Amino acid sequence: MRMAMFCLILSCGAAAAQVPGVPGTVPSSAPPAGYTIITPKEPPTVGPGELLLIELEGKFAKAVAEAGGKAFADWFASDAVMLNNGKPVVAGLAAIVRDANWSPKDYSLSWTPQGAQMGPSNDMGFTWGHYVAKSMGLDGKPVVTTGRYITVWKKQPNGQWKVAMDAGADEPAAMECCTVKQP
């Protein structure tokens with residue numbers, strides 16, 4: 001299966017993908033000033049490895065939507081690492097289990113994979129995409145956080161796939177990542 005993908009490269013070095021038919025990707029209309037559009041000569045091939053990783057990511061997201069933090073932690077390898085925006089590193093399954101203690105009624109985490117890449121040995125790869133987190137603030141008002149994530153997947157000795165690393169970053173406010181103050 002072939003999928004057309006276009007990359008917008010920001011002047012600050014960040015990249016975002018346009019995946020036709022996938023909500024939340026950068027629109028393919030004319031880019032804003034300061035952007036450059038790069039179109040590969042050949043659309044990337046989505047092979048069985050990438051499809052496997054996207055399927056795993058979908059099962060992971062569904063389990064978390066249904067069971068919350070316990071299901072989230074169940075997907076991690078014993079030596080996994082979590083890197084969350086503005087928070088200390090969470091290393092090891094025991095620490096991840098302690099950190100992932102939310103109920104899906106109190107905290108909703110959903111995400112959509114937008115792409116994947118499998119390593120050449122087919123025992124490690126990664127997915128990336130967009131996430132939405134919903135909770136109630138201390139003031140009783142809804143809090144919605146959106147951002148980008150990357151999940152690194154590693155095949156375990158028993159053949160099962162587990163999350164080796166999960167990282168997320170909140171969406172920047174209106175291009176704040178790329179604004180440079182002029183002297």
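Values in this text are rule-based calculations from the coordinates and carry no lab data. Please read all numbers here as calculations on a predicted model, not as lab measurements. A quick note on method: Cβ atoms are made from the backbone with ideal geometry, for glycine too, and the neighbour counts reach across all protein chains shown.
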Query raised in the report: Can you give the FRET efficiency for VAL144 and LYS70, using 1/(1 + (r/R0)^6), R0 = 25 Å, r = Cβ-Cβ distance, to the nearest 0.05?
Result: 0.65
Query raised in the report: Label points 7 Å out from Cα along the Cβ direction at ASP106 and LYS134: separation in nm?
Result: 1.8 nm
Report summary line: Pseudo-spin-label distance ARG98 to GLN160, built 7 Å along Cα→Cβ, given in nm, is 2.3 nm
Query - Net lengthening on full extension, GLU55/SER78 (0.36 nm per residue, minus Cα-Cα) - result: 6.1 nm
